[in-house]
Amino acid sequence: MAAWKGSSVLITGGNRGLGLEMVRQFLESPNPPDQVFAGCRDPEGPRAKCLKDLSEKHSERLFIVQLDITDPVSIKEAAKQVESKLNNRGLNLLINNAAINLHRTLDETDSDDMMRCYKTNVVGPMLMAKEFLPCLKMAAQSSDLQGMCCRKAAVINLSTLVASIEKCPETFGMAPMYPYRTSKAALNMLTQCLSEDFRKEEILCNAIHPGWVKTDMGGKEAPLDVVDSVGGVFQVLSALTEKNAGQCLDWEGKIIPW
Ligand code: NDP
């Protein structure tokens with residue numbers, strides 16, 4: 001079990017699916033982070049009900065932050081709000097979890113579908129990394145930990161097996177999904193770029209495939225539930241070091257080829 005005590009984490013799309021389960025598992029771990037920031041585009045809306053219930057139970061360490069990752073103004077505001085609560089200790093872990101999937105074959109896909117997926121799944125995580133970089137740098141500089149790890153400073157991007165170009169001949173038939181696959185393949189390149197860029201600051205950047213999971217996005221027929229997926233993802237996160245910088249790993253720690 002990872003020890004997150006003393007750290008701060010931010011998860012985008014923290015109101016349902018894998019994001020909500022990450023928030024829950026962070027808070028309910030024996031050594032929870034000092035601060036858990038849950039991004040949510042509509043904190044007052046019905047889809048935020050479970051997150052709000054959690055925040056009543058964990059009011060001392062869970063902070064709900066209004067955050068629409070397709071809106072640069074919302075991202076800037078969220079960065080200011082989070083920074084004001086960090087007490088100059090920086091943000092240790094940013095998890096870019098929020099995303100959309102459009103189940104579209106080539107026939108069904110138009111340019112608007114492609115642009116919507118790109119904007120949410122690639123531009124959103126890019127702007128998040130850019131706006132939160134000062135907080136991540138502060139965390140890296142103020143940490144006593146040697147090397148690179150998620151307890152010190154890291155950006156984790158939720159990717160997917162179906163973004164793997166090498167695996168496409170195996171995975172395409174069951175899930176054509178042109179807008180989603182191509183946007184997540186671009187997210188993988190973003191992960192590599194950030195990893196190279198941030199290495200000198202000792203900020204880790206990785207992509208993680210959570211498995212095929214029962215959520216609104218994954219559907220009811222998915223083999224994994226959120227508890228097992230997030231449990232696995234957290235074990236992988238807690239073991240990451242500079243040796244893994246830039247890799248895409250699945251929830252069991254296996255490397256996913258680009
Ligand atoms: P869900 O569709 O269940 O949840 C998506 C989350 O993202 C929601 O909280 C949603 O908020 C949020 N979101 C979407 N757009 C925005 C936006 N513009 N701004 C802020 N938040 C937004 O997805 P999952 O939990 O299944 O997936 C989480 C991550 O894991 C994704 O990156 C996905 O690609 C990846 N993944 C999932 C797999 C699966 O099988 N489930 C497999 C492989 C990867 P709202 O409620 O406001 O819509």
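Note down all Cβ pairs under 6 Å where the first residue falls in segment 93-108 and is touching a residue at least 60 places away in the same chain (Cβ under 8 Å) and on the phi < 0 side of the Ramachandran plot, the second is within 7 Å of the ligand (Cβ to nearest atom) and in a loop (DSSP other than H, G, I, E, B), and they're at least six residues apart or on different chains.
Note: pairs meeting the criteria are N96/T12; N97/T12; N97/G13; A98/T12; A98/G13; A98/I69; N101/M217.
Tell me which residues, restricted to segment 22-56, are touching a helix residue (DSSP H, G or I) at 6+ places or on another chain (Cβ under 7 Å) and buried (at least 24 other Cβ atoms within 10 Å of the Cβ).
M22, V23, V36, F37, A38, G39, C40
Show the residue pairs that are 6+ apart or on different chains and have beta-carbon atoms under 9 Å apart, the first residue being within segment 53-68 and in a helix (DSSP H, G or I), the second being basic (K, R) and within 15 Å of the ligand (Cβ to nearest atom).
L54/R24
What are the residues in segment 212-244 that are within 11 Å of the ligand (Cβ to nearest atom) and either under 30 Å from P134 (Cβ atoms) or open to solvent by less than 10 Å² (accessible area, probe 1.4 Å) (or both), if any?
Result: V213, A222, S229, V230, V233.
Which pairs do you get when a residue that is free of Cβ contacts under 8 Å to residues at least 24 places away in the same chain, found in segment 149-175, comes within reach of a residue that is in a loop (DSSP other than H, G, I, E, B) and of a type outside the set (S, T, Y), reach meaning Cβ atoms under 6 angstrom, with the pair 6+ apart or on two chains?
Once the first residue is free of Cβ contacts under 8 Å to residues at least 24 places away in the same chain and sits in segment 149-175, its partners that are in a loop (DSSP other than H, G, I, E, B) and of a type outside the set (S, T, Y) give V162/A175.
Test each condition in (1) within 13 Å of the ligand (Cβ to nearest atom); (2) in contact with a Lys or Arg (Cβ under 7 Å, 6 or more places away or on another chain) for S142 and report the one that comes out false.
All conditions pass for S142, except number (1).
Say whether the condition of being under 18 Å from N97 (Cα atoms), in a loop (DSSP other than H, G, I, E, B) and more than 16 Å from the chain's Cα centre (by Cα) is met by at least one residue in segment 173-191. Quick ask: steps written out before the conclusion?
Step one: filter segment 173-191 for residues under 18 Å from N97 (Cα atoms), giving 179-191.
The next check asks that each one be in a loop (DSSP other than H, G, I, E, B); those that pass are none.
Within segment 173-191, none of the residues are under 18 Å from N97 (Cα atoms), in a loop (DSSP other than H, G, I, E, B) and more than 16 Å from the chain's Cα centre (by Cα).
If you check L18 against the conditions, is it under 24 Å from G218 (Cα atoms) and within 16 Å of the chain's Cα centre (by Cα)? I'd like the intermediate steps shown before the answer.
Numbers: under 24 Å from G218 (Cα atoms): yes; within 16 Å of the chain's Cα centre (by Cα): yes.
Criteria met by L18.
Exactly one of these conditions fails for P134: (1) open to solvent by 60 Å² or more (accessible area, probe 1.4 Å); (2) closer than 25 Å to P210 by Cβ; (3) assigned to a helix (DSSP H, G or I). Give me its number.
Checking P134 against (1) open to solvent by 60 Å² or more (accessible area, probe 1.4 Å); (2) closer than 25 Å to P210 by Cβ; (3) assigned to a helix (DSSP H, G or I), the one that fails is (2).
Quick check on this structure: which one of A98, A129, A78 is modelled with pLDDT of 95 or more, more than 14 Å from the ligand (Cβ to nearest atom), open to solvent by less than 40 Å² (accessible area, probe 1.4 Å) and among the small types (G, A, S)?
Values: A98 fails: more than 14 Å from the ligand (Cβ to nearest atom); A78 fails: more than 14 Å from the ligand (Cβ to nearest atom).
Of the residues listed, the single one that is modelled with pLDDT of 95 or more, more than 14 Å from the ligand (Cβ to nearest atom), open to solvent by less than 40 Å² (accessible area, probe 1.4 Å) and among the small types (G, A, S) is A129.
Quick one: count up the residues across segment 18-52 that are under 19 Å from S7 (Cβ atoms) and not in a helix (DSSP H, G or I). Lay out the reasoning, then the answer.
Initially, segment 18-52 is screened for residues under 19 Å from S7 (Cβ atoms), giving 19, 21-39.
So of that shortlist, the ones also not in a helix (DSSP H, G or I) come out as 29-39.
Result for segment 18-52: 11.
Out of the residues in segment 4-52 that are closer than 30 Å to S142 by Cα and among the basic types (K, R), state the one that is nearest to the ligand (Cβ to nearest atom).
Filtering first and then ranking leaves R24.
The values are calculated or read from the model by the stated rules, or taken from the named source; none is laboratory data. What you see is a predicted model; the values in this text were computed from it and never measured. Neighbour counts run over all protein chains shown; Cβ positions are idealised from the backbone, glycine included. For accessibility, only protein heavy atoms count, side chains too; no ligands or nucleic acids. Shrake-Rupley method; radii C 1.70, N 1.55, O 1.52, S 1.80 Å.
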